[in-house]
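Written out below as structure tokens is the structure these notes cover.
The values are calculated or read from the model by the stated rules, or taken from the named source; none is laboratory data. Quick caveat, the model's predicted, so the values are computed rather than measured. Accessible surface is based on the protein model in full, side chains and every heavy atom, while ligands, DNA and RNA are left aside. Shrake-Rupley method; radii C 1.70, N 1.55, O 1.52, S 1.80 Å.
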Amino acid sequence: MNELEIFLRLSLTGLSIVITIISLTSFLKLKDGKLALATLGFFLFVMEGGLLSIGIFSPIVEAYVSVELTVGIAFLALIFFYLSIVKR
């Protein structure tokens, strides 16, 4: 694993946490269902980033991180983002 990959994994986690906190704060103020769905989508990116970041330090976790898992989490996040846009 090179330095760029480590940087990207940790950056994904950090930025996802910041965006999740901002959207969660907005949801708690406005109580809008659309924001709840978007917050769930961002939280899935936090989970993905967390798995990737823990994988840097733990070979056991890294063994479970696969392309299918990361793409699946990203796909679920995109579903929540889509629902937050089209929900009435």
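Just one of [x] 45; [y] 35; [z] 39 is percent of Cα pairs over 20 Å apart as worked out from the coordinates here. Which one is it?
Identified label for the calculated read-out: [z].
Calculate how steeply helix 67-86 sits against the longest principal axis of the alpha-carbon atoms of the chain, using the helix alpha-carbon long axis, and give the answer as 0 to 90 degrees to the nearest 10.
Tilt of helix 67-86: around 10 degrees.
Rounded to the nearest percent, how much of the accessible area of segment 34-73 (1.4 Å probe, protein heavy atoms only) is carbon and sulfur?
Whole-percent figure for carbon plus sulfur exposure: 81.
Which order do you get for ILE79, ILE60 if you rank them by accessible area with a 1.4 Å probe, largest at the top?
From most accessible down to least: ILE60, ILE79.
Would you mind checking the tilt of helix 33-57 against the longest principal axis of the Cα atoms of the chain, expressed as 0 to 90 degrees and rounded to 10?
Rounded to the nearest ten degrees, it is 10.
Once every DSSP H run of n ≥ 4 in the chain is given -39500 (n - 2.57) and the sum is divided by its residues, what mean residue ellipticity at 222 nm do you get, rounded to the nearest 500 deg cm²/dmol?
After summing the helix terms and dividing by the residues of the chain, the value is -31000 deg cm²/dmol.
Note down the accessible area of MET47, probe 1.4 Å, to the nearest 10 Å².
90 Å²
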